[in-house]
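I'd like to ask some things about the structure below.
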Amino acid sequence: MEKKNLDSKLVISNKSFCSRLIIGTGKYTNYEINKKALEASGAEMVTVAMRRVNLSNNLEPKLTDYINPKKYTFLPNTAGCFNSEDAIRTLSLAKEIGGWDMVKLEVLSDKKTLYPDMIETIKTAKILISKGFKVLAYCTDDPVLAKKLENIGCSAIMPLGSPIGSGMGILNPLNIKLIVEQSNVPIILDAGIGTASDACLAMELGCDAVLINSAIANAKNPINMARAMKNAVLSGRECYLSGRIQKKPSATATSPTKRIFN
């Protein structure tokens, strides 16, 4: 799938979105706050951790009681999976429960860093794609591995800005920019966003979208933070499309050097 014109909607696997912000459904105090934050964010897609969110137990509050899967696009993910077998089993369950075939794949390496295990990720992505899944792959910020994921057929690439939930922002903007410039599928900055300026930077670098969970859910006021992230993504995208001035080591006069009027 080729990228659309820069000013077009976000298109992932032939599905289009007006919003370029994706938010999560984990870590919120309750589903009601999650719902209000989603509404404030303007997002049209939410990630759903299949192992951690209640979708079927009618004796407890369910996510679908608050967020309508017919109104919003649910993106099942494999949060908490550390091997290919668990990831495939989790997403097969998602397809069985909700018919969801567009999925976020994350296969983690260890519990301390929560960095993606790229060998397992690539292996798992190949299997899922062969089964008809449209895979959005969480990965390191390595341009070489990001390109491998694209080449095997992933629908979008999701490089981390910094470790999951760290709030440290984008630690390696150069690599993110390289991934953006080489890719023909959407690039969604995933993990590490801490504040609105981080989301804005991701969009200024040319990312097609940003996925944010902890920075909104763990904020003192999640609803206001969701609104701030919405505005940051819009601002960063507008800046990217406008074409910023080049950085230079020396000053340039801001007033004209030649006389314009007599």
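Readers should treat all values here as calculations from the given coordinates under stated rules, not as data from a laboratory. All values reported here derive from a predicted model rather than from experimental measurement. In this analysis, Cβ positions are derived from the backbone assuming ideal geometry, glycine residues included, and neighbour counts consider all displayed protein chains.
Once you have a ≥ b ≥ c as the square roots of the Cα gyration tensor eigenvalues for the range 11-101, tell me rounded if a/c is under 1.5, and otherwise prolate or oblate according to whether a/b is larger than b/c.
Working: a/c = 1.69, a/b = 1.15, b/c = 1.46.
Oblate is the answer for the range 11-101, as a/c is 1.5 or above yet b/c matches or exceeds a/b.
Quick check: residue separation of residue 242 and residue 254 times 0.36 nm, minus the Cα distance between them. What number comes out in nm?
2.4 nm
Specify which residue in the list 245, 133, 22 is farthest towards the positive end of the charge dipole of the chain, using unit charges on the beta carbon of Lys, Arg (+1) and Asp, Glu (-1), about the Cα centre.
245
Rounded, prolate or oblate: pick one for the range 94-146, where a ≥ b ≥ c are the square roots of the eigenvalues of its C-alpha gyration tensor, a/c under 1.5 means rounded, and failing that, prolate if a/b is larger than b/c, else oblate. Spell out each step's value before the answer.
Values: a/c = 2.42, a/b = 1.63, b/c = 1.49.
In terms of gyration-tensor shape, prolate.
Distances over 27 Å make up what percent of all Cα-Cα pairs in the range 31-218? Can you show the working numbers first?
Working: 4198 of 17578 pairs.
Here the tail beyond 27 Å accounts for 24 percent of pairs.
Work out the FRET efficiency for residue 147 and residue 65 from their Cβ-Cβ distance, taking R0 = 51 Å, and round it to the nearest 0.05. Walk me through the numbers before you get to the answer.
On the way: r = 41 Å, r/R0 = 0.81.
E between residue 147 and residue 65, to the nearest 0.05, is 0.80.
So how do 145-152, 41-48, 216-223, 64-71 stack up, highest first, on mean other-Cβ count within 10 Å?
41-48, 145-152, 216-223, 64-71
Hey, another quick one. For residue 96 and residue 231, what does the FRET efficiency come to when R0 = 30 Å and r is the distance between their Cβ atoms, rounded to the nearest 0.05?
Calculated transfer efficiency: 0.20.
Past the 23 Å Cα-Cα mark, which pairs from 15/220; 112/134; 177/248; 71/104?
15/220; 112/134
When DSSP assigns beta bridges and you keep just the ones with both residues in the range 31-218, what percent turn out antiparallel, to the nearest 5?
5 percent
What's the whole-number percent of alpha carbon pairs in the range 137-262 lying beyond 21 angstrom?
Details: 3586 of 7875 pairs.
Of the Cα pairs, 46 percent sit more than 21 Å apart.
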